[in-house]
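A short worksheet on the structure shown next.
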C-alpha cells in the first residue's frame, strides 16, 4: 500500500530511504545544528533524493545501479542545494539585493 503512494508521486521508495539516510548523516556530522535546520536538512535532502537521481543517471549516462548511491549523496547535500536555489531565486527577484 505505501509503495503505491511513492509510485503515484513518481518516486522510488529506495531513493527516499537513501536520501533520508544521507540527510541524517549530514545532521550527525554538522556541529551545532538547530532543530529547525535539522528538519530543513531532512526535508530538503529527502526531496532532492526523491527526484534528482533518475535525472542525473540519465543526463550523465551513469549505470542504473548507481541510482541509490546518488540518492544518498543528494540526501547528504540536499540542504546546500536548497539554500543555493533559494539564493538564486531571491537574487533573480530582487536584482541581486537579497536583503
Exercise. How many residues does the stretch 68-93 hold that are surrounded by fewer than 19 Cβ atoms within 10 Å (Cβ to Cβ), over 9 Å from the mean Cα position of the chain (by Cα) and under 21 Å from residue 14 (Cβ atoms)?
Worked result: 2
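So that you can scan it fast, the table gives a plain yes or no per residue for (1) modelled with pLDDT of 95 or more; (2) farther than 21 Å from residue 73 by Cα; (3) loosely packed, with under 10 Cβ neighbours inside 10 Å; (4) more than 12 Å from the chain's Cα centre (by Cα):
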residue	(1), (2), (3), (4)
1	no, yes, yes, yes
4	no, yes, yes, yes
13	no, no, no, yes
32	no, yes, yes, yes
40	no, no, no, no
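The values are calculated or read from the model by the stated rules, or taken from the named source; none is laboratory data. Model, not experiment: these values are computed from the prediction. Cβ coordinates were reconstructed from backbone atoms using ideal geometry, including for glycine residues, and neighbour counts include every protein chain displayed.
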